[in-house]
Amino acid sequence: MSLLSRRILATLIVLSACLVFMTPQAGISAKYGQVTEMRLEATPNDFHGACPVTINFHGSITVDGPNTVTYGIDRSDGATGEGKQELHFTEAGTKTVHFTWKLGAAGEEFKGWALIGSGNSRSNKAEFQIHCRK
């Protein structure tokens, strides 16, 4: 083996060792936060009166670090509410969610629910019932 071949081989061995044993520092990014809790509540949850009525849904989404959470609304009537919504978190914390559902006609009775979800996370079902006067 010539001197040049031995030098090339030695250089390749050193470079290979550097690639294997050195921990790369470039490109390391901060860990994204995960959704740790989703809650939702319907108000009023037991309505008796003139219809249509507007049911208000108030809830919250909690994360354990920075992230953008895209969530959707599912309702018992099969509708998906206002489409996909986003909440931007710069750090761990909780942000509020609010939406409404207007429904009901004279003489109607209805039991329903809504929930919010993002990825594999889901809130509780915020249940309600309405009893519309005739």
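Before moving on, here are some points about what is shown:
- Gaussian network model of the chain, Cα within-10 Å springs - most flexible of I61, I73, I13: I13
- When the helices of the chain are scored as -39500 (n - 2.57) per DSSP H run of n ≥ 4 and the total is divided over every residue, the value at 222 nm lands at -5000 deg cm²/dmol.
- Selected from G65, G78, G117 as most flexible by GNM, with the chain as the system and alpha-carbon contacts under 10 Å: G78
- Expressed in Å, the radius of gyration and Dmax of the Cα atoms of the chain are 27.6, 102.
- Extension gain from T94 to N45, taking 0.36 nm per residue of separation minus the Cα-Cα distance: 15.3 nm
- Fluctuation leader among G59, G83, G112 - the chain, Gaussian network, Cα springs under 10 angstrom: G83
FYI, it's all coordinate maths here, none of it is from the lab. As the structure is a prediction and not an experimental result, all values here were calculated from the model.
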